[in-house]
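This report refers to the structure that appears directly beneath it.
The values are calculated or read from the model by the stated rules, or taken from the named source; none is laboratory data. Keep in mind the model is a prediction, meaning the values are calculated, not measured. Cβ sites come from the backbone with ideal geometry, for glycine too, and all protein chains shown count toward neighbours.
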Amino acid sequence: MIAPPTNPLHDPEHFLALGLQLAQSKAGALALSLADRATALHSDDPLWQALASAVRRGEIPDFHVRMLHDQRRNAAYRQAIERFAPGRRVLDIGTGSGLLAMMAARAGAKRVYACEENAMLAAAARTVIAANGLADRITVFDRHSGTLDRMRDLDGGVDLVVSEIFSHCVVGEGVLESLAHARAHLAAPGAIFLPERASIMVALADFPPLVESVDTVEGFDLSAFSPHLQVKRYLWPDHPALALRSAAARQFLFDFGAGDPPLTAASTCELVSSGGMISGLAQWLHLHFADDISYENRPGSTPDLHWAINLTPAQRHESAPGAAYTAGGWYSRATLINWCQLAEQD
């Protein structure tokens, strides 16, 4: 005989399994509703309060905490939005908490559309937007921007596209394809893109050794497993042991204001050592909104910047001032590959 299903609001195991299942599906709003009901029903039970919190956080990427505390990022977007949004129809791609969409509405946008593929985040953004009194001015779509239709969803197209779907390496979250689709299918002719340009910046650097291999563990040779290890290859911009050993160079420039950048490209640039120990290559990003509005997470920046510095290790060595190195880069859609080597001498 099959036992009848238990009420998830009275069975912790059932509640957690159902809540996380809903959070991972297109029913993010139902997951939040279930968590709210559990919180209200078991207001004095610490286990149920913790379970509800686990469901609410279940599918929310952990980078949002650091991102929302990145005051330099927030200020750059706010200044650009306040300048370009008034009177325009705005699309915010990857709205997350709804912050940039609310900035646009507050700045006087004619209408704001926000899309968020994560259904849990989209539901949370609607709640945040309503709590700030902007629900009548912002429409939130709980799907990828690639599924939107210019006429059906955006009343003929938008005049301003705002996006913050940049990874540490710029291209890692599919930004190139998303913005190309937005230009072709969602934006009106002559629409503005914020940021207007994004750059991948590189420089020679010294940084702590990265543990990239295993040898003998408990008497077993595991060295053949080393090529498969996922190694942390980044540091935060304010890390005290991260030091640049050359001037910065722009490896790639993505000019969204001028058109669609290619989905794959290669580049090399020369870096000249200032002397000292070199561990490899440091890579970061630069966002250009206007001539007087930009964002950069260059090593040595202030704390709390949410984009990290990617590291490409090489054989650590002492370099002579003036020594020339070649930094190579290649990207394809959402993947960036970097390398660095001493330039050939004449």
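Among the candidates 237, 209, 195, which residue alone is closer than 30 Å to residue 183 by Cβ, touching a residue at least 12 places away in the same chain (Cβ under 8 Å) and of a type outside the set (Gly, Ala, Ser)? Outline the logic, then answer.
Working: 237 fails: closer than 30 Å to residue 183 by Cβ; 209 fails: closer than 30 Å to residue 183 by Cβ.
Step by step, each of 237, 209, 195 is checked, and only 195 is closer than 30 Å to residue 183 by Cβ, touching a residue at least 12 places away in the same chain (Cβ under 8 Å) and of a type outside the set (Gly, Ala, Ser).
Residues that are assigned to a loop (DSSP other than H, G, I, E, B), under 18 Å from the mean Cα position of the chain (by Cα) and buried (at least 21 other Cβ atoms within 10 Å of the Cβ): does segment 255-269 have at least one?
Yes, the conditions are met somewhere in segment 255-269.
Restricting to segment 314-346, and then to whatever is outside any strand (DSSP E or B) and closer than 23 Å to residue 177 by Cα, can you tell me which residue is modelled with the lowest pLDDT?
In the first step, residues of segment 314-346 are kept if they are outside any strand (DSSP E or B); the result is 320-323, 333-334, 343-346.
Of the ones still in play, those that are also closer than 23 Å to residue 177 by Cα are 333-334.
Working: 333: 86, 334: 90.
Selected residue: 333.
Among (1) buried (at least 18 other Cβ atoms within 10 Å of the Cβ); (2) in contact with a Gly (Cβ under 7 Å, 6 or more places away or on another chain), there is one condition residue 84 misses while meeting the rest; what is its number?
Every listed condition holds for residue 84 apart from (2).
Just to check your reading of the model, which residue among 317, 306 is in contact (Cβ under 8 Å) with a residue 12 or more places away in the chain and out of contact with any strand residue (DSSP E or B) (no Cβ under 9 Å at 6 or more places or on another chain)? Talk me through it step by step, then tell me what you get.
Values: 317 fails: out of contact with any strand residue (DSSP E or B) (no Cβ under 9 Å at 6 or more places or on another chain).
When all the criteria are applied, what remains is 306.
Somewhere in segment 46-58, is a residue part of a helix (DSSP H, G or I), among the hydrophobic types (A, V, I, L, M, F, W, C), within 27 Å of residue 95 (Cβ to Cβ) and out of contact with any helix residue (DSSP H, G or I) (no Cβ under 6 Å at 6 or more places or on another chain)?
yes
I'm trying to understand the selection: among the residues of segment 278-292, which are farther than 13 Å from residue 202 by Cα and surrounded by 14 or more Cβ atoms within 10 Å (Cβ to Cβ)? Before the answer, list the steps.
Within segment 278-292, the first condition is being farther than 13 Å from residue 202 by Cα, and the residues that meet it are 278-279, 287-292.
Hits for segment 278-292 are 278, 279, 287, 288, 289, 290.
Here's the yes/no breakdown for (1) in the same structural domain as residue 250 (by TED's automatic domain parsing); (2) within 18 Å of the chain's Cα centre (by Cα):
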| site | (1), (2) |
| --- | --- |
| 111 | no, no |
| 127 | no, no |
| 145 | no, yes |
| 167 | no, yes |
| 173 | no, yes |
| 206 | yes, no |
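Given the condition surrounded by 15 or more Cβ atoms within 10 Å (Cβ to Cβ), of a type outside the set (S, T, N, Q) and modelled with pLDDT of 95 or more, answer yes or no: does some residue in segment 207-230 qualify? Talk me through it step by step, then tell me what you get.
Start the filter on segment 207-230 by keeping residues that are surrounded by 15 or more Cβ atoms within 10 Å (Cβ to Cβ), which leaves 207, 210.
If we keep only those that are of a type outside the set (S, T, N, Q) as well, we get 207, 210.
If we keep only those that are modelled with pLDDT of 95 or more as well, we get 207.
Yes, because at least one residue in segment 207-230 is surrounded by 15 or more Cβ atoms within 10 Å (Cβ to Cβ), of a type outside the set (S, T, N, Q) and modelled with pLDDT of 95 or more.
Go over the candidates 161, 171, 202, 175 one by one and state the one that is under 22 Å from residue 63 (Cα atoms), touching a strand residue (DSSP E or B) at 6+ places or on another chain (Cβ under 6 Å) and crowded, with 19+ Cβ neighbours inside 10 Å.
Going through 161, 171, 202, 175 in turn, just one is under 22 Å from residue 63 (Cα atoms), touching a strand residue (DSSP E or B) at 6+ places or on another chain (Cβ under 6 Å) and crowded, with 19+ Cβ neighbours inside 10 Å: 171.
For segment 1-25, how many residues meet the condition of being at pLDDT 90 or above and among the polar types (S, T, N, Q)?
Going through segment 1-25 one residue at a time, the tally reaches 2.
Name the single residue that is nearest to residue 176 (Cα to Cα) among those in segment 58-100 being among the β-branched types (Val, Ile, Thr) and within 15 Å of the chain's Cα centre (by Cα). Step through it out loud before you land on a result.
If we filter segment 58-100 for residues that are among the β-branched types (Val, Ile, Thr), which is where we start, we get 60, 65, 81, 90, 93, 95.
With the extra rule that they be within 15 Å of the chain's Cα centre (by Cα), the set shrinks to 60, 65, 93, 95.
Numbers: 60: 23, 65: 25, 93: 12, 95: 17 Å.
Top of the filtered list is 93.
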